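Here's the structure we're looking at; comments come further down.
No value in this document is a laboratory result; all are computed from the given coordinates. These numbers were taken from a predicted model, which means no experiment stands behind them. Cβ: placed from backbone, ideal geometry, glycine included. Neighbour counts: every protein chain shown.
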Amino acid sequence: MNAAPDAAARYFDAIASALEGLGVYFGDRSASPFQSHGLVAEVVSPYIGRLERSFECWQNRLGFMEKFRIQRAESGYPVFQSLLELENDRRQAEKRLAGISGPDELRAEMVDFILRHREFPADLQRSMAERLYLEQLKAGNVFSPFILPETVRVSVNPKTKRPYYLVHWGAFDGNSSLPMVYMAAVEDSSPGMVKALVSDDGRLNDDVEIGLPVGGLLNPELAHQFDDFAEKNSAYSLSPATIAGNLDKDFDHLHPKQLRRVVLGPFYTAGITENNSTVSDVLGKVRRQENAWLLTWTVQEVYSKTERPARKGLWSSQPAREEFFIDTDDLDAARMGVSAYEQHALVPHEAYQALYAAGEAQKIFDGYDVHVISGGRVITDV
């Protein structure tokens, strides 16, 4: 979409409403049995905040740049180039701000221009918009093409006596234009970490202070290598089973017990996206355009069903390796390369009514857990 002003405004209003609703859903930790322990909500919520700030920045950018492109026919999200531009502008924000007058000075210049020329100061307005954009970029965390891993939980597996980490990271896939959040539960058999973190009774050593969250993998010897792995293995085209298998192969002392991927999209909005003609036709009939949208997301999970123990021989040795469970009885699970998955859809009440009245709701939402947002609350299992 090389957005016309009206279309751009409608798109930004719709995606802001959708992300706000998504934040409400993940903020309600009783919303889904999958989230009963709260970890998925706790991990995903900050990434939703990053997306919201990114869209606020893109909207401000339109105040001085005429073009903004989204992937209309697939994800409904901005094209990957838009993220690269945002990241590049973030890095240059301080330098560019130094070359733009301060906000008070710009306001004074705008008033003076209007009084002297009896015209609207378009150039000064663009400078003000650029300053607001750069200040926002400099101040807030946005959704980058790759967001570095962070360790948010540490415990000890009482059976294996190994430290157990929960690590998450984010990625925006360049081909599919979809934002994704990854969560990995990993055991660490590195002798140094076992000695430091596991007490004699097989519990987490209370004498070691761990200030969570920790940037990167908790194991400092493997942290940079893990960052590199995550960046190279976060493509949407890779199945969760492939990513978990690659992690298992690349790190002899890291044992992935579970990997989750949350794919936050596609996004549909009337008159702009073209990713589903039936959805677009019905959403086009919704009376209030700010309610003419639909956001879907998928939670994929792969877990280890057993660990093949390490073998040490005279001539060769083999480290411990995981065997991951794939639900081959479910064709979609087998196609995705997962042990289990969930598909969710969030829709405003007015749009859901339109889909239901058109007789399309059952077909469109087949296989989805549907969540309807109304009055700032999310109603599940409609």
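Values computed for the structure shown
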{"read-out": "37 °C / 0.692 mPa s Stokes-Einstein diffusion coefficient of the chain, Kirkwood radius on C-alpha pairs, µm²/s", "value": "142 µm²/s"}
{"read-out": "On Cα atoms only, tilt of 103-117 relative to the major axis of the chain in degrees", "value": "20 degrees"}
{"read-out": "Coarse-grained scattering of the stretch 145-261 at q = 0.14, 0.19, 0.20 Å⁻¹, given as base-10 log I(q)/I(0) from a Debye sum over alpha-carbon atoms", "value": "-0.56, -0.96, -1.05"}
{"read-out": "In sequence order, calculated HN-Hα J values of the stretch 339-348 (Karplus, 6.51, -1.76, 1.60; Hz; x Gly/Pro)", "value": "7, 7, 7, 10, 10, 10, 9, 10, 8, x"}
{"read-out": "Computed helical MRE - 222 nm, the chain, DSSP H runs ≥ 4 contributing -39500 (n - 2.57), nearest 500", "value": "-12500 deg cm²/dmol"}
{"read-out": "Two-site FRET efficiency, ASP332 against TYR356, from Cβ-Cβ distance with R₀ of 30 Å, rounded to 0.05", "value": "0.75"}
{"read-out": "The chain: most fluctuating residue of VAL111, VAL263, VAL156 per GNM, C-alpha cutoff 10 Å", "value": "VAL111"}
{"read-out": "The stretch 5-139 - percent relative contact order, Cα under 8 Å, separation 6 or more", "value": "24 percent"}
{"read-out": "Zone of PHE146's modelled label, taken as backbone nitrogen in the stretch 165-188 under 17 Å from a point 7 Å along Cα→Cβ", "value": "168-184"}
